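A short write-up of the structure that comes next.
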Amino acid sequence: MTLVGLDLDYVACVVLFCVGLYMLVAKSNLIKKVIGLNVMETAVFAFIVTSGMIEGGQEPIVVAGSAPPYTSPIPHAMVLTGIVVAVSVTAVALALIAQIHAHYGTIEVDELKELP
Amino acid sequence: MIGGALLESAAVALVVIGVAFLLAGTIGLVRFPDVYTRAHAASKCDSAGAGSVLLGLALHDGFAFGDLKLVLLAILVVVSGPTTAHALARAAMRSGRRPWPRDEGGPA
Amino acid sequence: MITLFWAAAIALVTFAFACLWRADVGPTIQDRILAVNVVGVKTLVVLALLAAIRGPSYLLDVAIVYGLLNFVIPIAATRLIETGRLGREAPR
Amino acid sequence: MSVVFDAVMLLLLIATAITVARARDLVAAVVKFGLYSLVLCLVWQHRGAPDVAITEAAVGAGVTSVLFLLTIAKTARSERR
Amino acid sequence: MRVFALALVLVVAATMVIGIAGLPPHGDPDGPVHTHVGARYLEQGVAETGLRNLVTAVLLVYRGFDTFLEVVVIFTALVAVLALPSATRQPPQSRDESAAASRRDTDDAVPVSPVVFLVVRLLAPFIAVFALASLYRGHVTPGGGFQSAAIIGAMMIALGLVFGREHAARLVPHGAKAWLQALGPLVFAVVALVGWRLTGAFLGFPADEAAHALREALVVILEVAIAVGGAVILAQLFMALDAPS
Amino acid sequence: MTTLGPTLLPWLVALPLAGAALVPIVARRDARWAGGFTLVVALVTTSLASVLVAQLASQGPFSADLGGWAAPYGIELHFDRFAAWTMPLAALFAFVIPFSWRYLDAPLPRERWAPFYALMLLNLGGLLGFSVTGDLFNLFVTMEVVSLSSYALVAVAGRGVAAWAALKYLLLGAVSSLLVLFAVGLLFALTGSLNLADVSVRLAAAEPSGAALLALASLAVAFLVKAALFPLHVWLPDAHAIAPSPVSAVLSGLVVKVGIVGLLRVLQLAAGTGISLEPLNTVLMVLGATAIVMGAFLAIFQDDIKLMLAYSTISNIGYIVLGIGLASPFALIGAFVHVFNHGLIKVTLFLAAGAIIHQTGYRTLSDLRGVARRMPQTAAAMAIGAVSIVGLPPTAGFVCKWYIALGAFEADQGGYGFALVFGALFIFVYYVRMLDAFFFRSPVRPEVADAVEAPWSMRAPVLVLAAACLVLGVLGGIPIGFVEPAVVDLLAALGR
């Protein structure tokens, strides 16, 4: 679907990316920031998968009864890897946040900046 | 095998009924005054609606082996929906929410 | 038939917006979780509808995975609200 | 039909993301984030990527959100206004 | 802050939209995505790899090294979380306070709802069976190593939520924990070595028909290692972040 | 013999990673085994790397097709001279690890030794993978291995302060990784390929579009964040100063180089596509010169020696980026040689600083006055490192900076040459301040007055590295001659 030359499926990914970026930059709470990061990541994944789709395409599983065209399997493999990376980064970030809270008693950036 | 047309129309009917139930659940969720009534509306209608749509899907092209998955899915929805509604209502009760009293008007 | 499925899917996603409004305004946390769960069930049905539209039955696996794990978040969240933490400790 | 569905689905996805951003209560934010990943499954399914959809469903509904909730349980439940 | 954020977001959005406008339209069967590397995978993937799910074929056979590194990434996450000081090993503020807290938080105060208890116990075996089925049929249906890892991991986490972490911890045998969490990278290295001996290429899979069974065995071993290793790591991440406070 | 290089190349990456997975197993009986095992793995990896470099020197660049799939269809590892010149960075690990043995006694309880050493090996494996890979998506994944282990290493020994520094690093690092992934997606959508060389060729064939520009730009920005170039450096000082000293050495000396190597890959990608790199080069020159001056300027005001070294890293990254931006043969050679030389010098400095902090318990210049009296060898190593990083002959730092300055005049950008000299003056000022405090003041703290030299497991690496700084200064022509062919090729491809 296109509008004034813009691919709306791609634009949706940009919008999601920006929602995530807004959360990451504007929110003071660290957990909200990490959620924003996750939203950004999924936006990029959505972009990659969208680029691999094909008009009227089937999932890339060649079994009896399936017929070309198939969607490209490469983006799917990339996104699977990406999801695992995203979970790993999130887990480390959350462990760090727990540390920060145990030490400072807050997870708000505004308050953390005021502390020595 | 029953007539395909019969099966087909049964499937259509089930899907339509299911969507209607889900609509009712949505209305309940949006319009009802407190969490208990909303949970009541949502859990019942969702279980019935989702189950009905899924059964309709299972019927629509005969009853193949793959449709067992749909039946399993329907059972799952019917089991887990009320469970979460229960857990929620329990949490609401424990955190001290009073149910909405009809005679006092507005939500508590 | 496919048209009916598409129509049903579109209708359900449209209903989901209404539930999402409830999830946004609350007012209590339980309302929000409930509304999210309702959207979840609708999405699950739409997943099944999409599988039926696209054909192969293995596409239902997605819906089944979600159906099986559907209860995890509400249970964890309500547990957190009730006790302020998750899980249980073994008796000390 | 497919195009209409595509548009509505993406709108729902964006709306979900925005409600995640708006939530003040962190528990609500995480629960909504779980929903967000579920709606994302819908996108994967529609785009013909069931492998990604299964992983996203399991990770979003069972792993990431619970890890978030664990951290919230240890820290603070609500975003300071 | 909010104004700055909005400005930044708008700039980023504008840049991205301008850039994206230059992309070939998606879904076009003649687009570069579908005519270059992807086309070969689709045409010859089944013959070359013996896998019908081409996503699995790309993950394990064509781009196995990426998957090796992916397994390493999630192992890194676990090691990273274990390397951090435990946030909760802090001395409690005061004895009375912590005693009060533990009284308030004991299981007697707020038991897990029996309904929830029952349902989780009822569903857990189904989840496990489903994960195994998706692992076993990962070459013909969506599913495979990571998918199963995520599902089993989520199941362990659910059990840990309802039955308590001690109970969930027993699902991972303590003595074998160090081996299980390293299963992914180690098995990958071993398979790479075997492939090297057999085909002369790192992570190569024997292509000729005669070695069909061997190739299948290697793929299955990899899938199982990814699934078990991944699930154990996810469960351990849960455990580490859930350390009692 | 001819196939030895391609056969061994994948193991260069796989070996440290598999070794990392084994560390917790080895350490089950006794946590002390983890350190020894890690050293063994690092040494084996280093020797593997030297075999590969020897192979390259005799036969030229080679690549390995993983899984036996030819280039655009499978993942290709490519061992060129740029990759080869980052290999000695692996050898630095072999010095850092024995240093950590004693250093970590105090700050790290035994049960966390195994995860620590595993993280070090993962970092090493990721770095090697990043510099040899010829595949865009593989580049992203290896970068994630490096980044994730670095985030954790920052926070490994400290409490909340370290965690906060690490989280700042993580948030920025994750965004830059995401930009890389986005760019990979764009390039894949444009060309349908993930192989670096193939993408470059196919970009050249396709009509130029904004998407390709956006992809290259976001790659460049992402790598500049990883390299901590001046306005994007905000995460660096805290992370590098708060981390335990061996980790600071690795992060400052090695991990920031991920950004530089990535930037070179962007240049290789753009080479031949007809996309003009003029704007990018201008930005790099301006930012590089700013970074040199600002990094050095900010370092002057630091009392904490590790914070001072961290700012000096920002300044030195400025030198490298300026050299890349000038895009003249001399400048590029100097910049690329500095990738390793700066690593060597910075590891020396951080390890020496770590030894001093470990022995005295103080980390500010005012507390550490007179420390050279009781720790003459470590202080001497520190002095050699300082002279080296200022860029005075006959040390490793001189060669690179001299070449970059020559390159500035060669490219008719004499102004940047002066910025460079000006920056060197600032750097001189703060290192003189440090040396003055160490050598010519009397101790104010009893711990400093009674300090003893560090144990040999810490002293030996520092002394050997300091000696290497001198040797590389005297033999500076060897790396220059080694890197030159690659630089000439790259510049020819870029049309300069």
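The values are calculated or read from the model by the stated rules, or taken from the named source; none is laboratory data. This is a predicted model, so every value here is computed, not measured. Counting neighbours? That spans all protein chains shown, and the Cβs are built from the backbone with ideal geometry, glycine included. Just so you know, the surface numbers come from the protein's heavy atoms only, side chains and all, with ligands and any DNA or RNA stripped out. Shrake-Rupley method; radii C 1.70, N 1.55, O 1.52, S 1.80 Å.
General observations
- Dividing the convex hull volume of the alpha carbon atoms of the range A:75-116 by its residue count gives 72 Å³ per residue.
- For the range D:2-74, diffusion coefficient by Stokes-Einstein and Kirkwood Rh (Cα), 4 °C, 1.567 mPa s, µm²/s: 102
- Residues of the range E:50-68 whose accessible area (probe 1.4 Å, heavy atoms of protein chains only) drops by at least 20 Å² once all protein chains are present, relative to their chain alone: E:ARG52, E:ASN53, E:LEU54, E:VAL55, E:VAL58, E:LEU59, E:VAL61, E:TYR62, E:ARG63, E:PHE65, E:ASP66, E:PHE68.
- Each 10 Å bin, from zero up to the one with the longest distance, holds this percent of the alpha carbon pairs of the range E:107-157: 25, 39, 21, 11, 3.
- Gap separating the Cα centres of the range E:133-149 and the range F:284-312, nearest whole Å: 52
- In order along the range F:449-459, phi translates into HN-Hα couplings of 5, 9, 5, 10, 4, 5, x, 4, 5, 9, 6 Hz, rounded to whole numbers, per the Karplus curve 6.51 cos²θ - 1.76 cosθ + 1.60 with θ = phi - 60° and x for Gly and Pro.
- Per residue, the convex hull around the alpha carbon atoms of the range F:145-265 comes to 94 Å³.
- Rounded to the nearest 500, the helix-only mean residue ellipticity at 222 nm of the protein assembly as shown stands at -25000 deg cm²/dmol, with each DSSP H run of n ≥ 4 adding -39,500 (n - 2.57).
- Remark: mean inter-chain Cβ contacts per residue of B:42-52 equal 3, using a 10 Å Cβ-Cβ cutoff to other protein chain atoms.
- Calculated accessible area for the protein assembly as shown comes out at 32 Å² per residue, all protein chains present (probe 1.4 Å; ligands, DNA, RNA ignored).
- Placing unit charges on each Cβ (+1 for Lys and Arg, -1 for Asp and Glu) gives the range B:4-99 a dipole about its Cα centre, and among B:ALA89, B:ALA41, B:LEU76 the Cα reaching farthest toward its positive end belongs to B:ALA89.
- Size descriptors for the range E:1-93, from the alpha-carbon set: Rg then Dmax equal 22.5, 66 Å.
- Rounded percent of accessible protein surface that carbon and sulfur make up, chain F, 1.4 Å probe: 68
- Here, chain E has an Rg and a Dmax of 23.6, 72 Å when only alpha carbons are counted.
- Database remark: amide H of A:ASN29 closer than 5 angstrom to the amide H of A:VAL109 (H placed geometrically; neighbours at sequence offset of 5 or more, or on other chains; Pro and chain starts carry no H).
- Chain A shape via C-alpha gyration tensor axes, a/c threshold 1.5: oblate
- Scattering profile of the protein assembly as shown at q = 0.04, 0.09 Å⁻¹ [log10 I(q)/I(0), Debye over alpha-carbon scatterers]: -0.20, -1.03
- Applying 1/(1 + (r/R0)^6) with R0 = 45 Å to the Cβ-Cβ distance of B:ALA20 and E:ALA39 gives a FRET efficiency near 0.45.
- Cα gyration tensor shape for the range B:1-90, rounded if a/c is under 1.5, else prolate or oblate: oblate
- Dipole magnitude (debye, nearest 20) for the protein assembly as shown, charges at Cβ of Lys, Arg, Asp, Glu: 3040
- Fraction of alpha-carbon pairs over 33 Å apart in the range F:276-496 - percent: 19
- The A-E contact accounts for approximately 4100 Å² of buried accessible area, totalled over both chains at a 1.4 Å probe radius.
- Residues in the range F:16-53 that, when all protein chains are in place, have 50 Å² or more less accessible area than the chain alone would give (probe 1.4 Å): F:LEU17, F:ALA21, F:ILE25, F:ARG28
- Against the main long axis of the alpha-carbon atoms of chain A, helix A:8-26 sits at an angle near 10°.
- Rg ratio (alpha-carbon, reference 2.2 N^0.38 Å) - chain F: 0.92
- Cα centroid separation, the range A:41-116 to the range E:159-181 (Å): 26
- In Å, descending, principal axis extents of the Cα set of the range F:1-139: 48, 28, 24
- Of all complete DSSP H helices in chain E, those with a Cα span along the helix axis of 30 Å or greater and a mean Kyte-Doolittle hydropathy of -1.0 or more are E:114-136, E:212-241.
- Kirkwood hydrodynamic radius of chain C, from inverse mean 1/r over distinct Cα pairs, in Å: 14.9
- Both chains summed, the buried accessible area for E and F stands near 4700 Å², from protein heavy atoms and a 1.4 Å probe.
- With θ taken as phi - 60° and the Karplus curve 6.51 cos²θ - 1.76 cosθ + 1.60 applied, the whole-hertz 3J(HN,Hα) list for the range F:134-143 is x, 10, 5, 6, 4, 4, 4, 5, 4, 4 Hz, x standing for glycine and proline.
- Grouping the Cα pair distances of the range F:263-334 into 10 Å bins from zero gives a pair-distance distribution of 22, 41, 24, 11, 2 percent in increasing distance order.
- Close amide H contacts of D:SER78 (hydrogens built in the peptide plane, cut-off under 5 Å, sequence separation of 5 or more or a different chain): D:LEU26.
- Computed from protein heavy atoms with a 1.4 Å probe, the total accessible area buried between D and C is close to 3500 Å².
- Here the 3J(HN,Hα) profile of the range F:63-80, calculated from phi with Karplus coefficients 6.51, -1.76 and 1.60 at θ = phi - 60°, is 9, 10, 8, 6, x, x, 8, 5, 2, x, 8, x, 8, 10, 9, 10, 10, 10 Hz, Gly and Pro shown as x.
- When the Cα positions of E:ALA154, E:GLY143, E:PHE188 are compared along the charge dipole of the range E:108-205, E:PHE188 comes out farthest toward the positive end, with charges on each C-beta of Lys, Arg, Asp and Glu.
- Sequence-separation-based contact order of the range F:8-66, relative, with Cα cut under 8 Å and 6+ spacing, percent: 45
- Sorting A:HIS76, E:HIS36, E:HIS167, E:HIS174 on solvent-accessible area from highest to lowest, probe radius 1.4 Å, gives E:HIS174, E:HIS167, E:HIS36, A:HIS76.
- Amide H within-cut-off set for F:PHE62, under 5 Å, with H built and near neighbours excluded: F:PHE79
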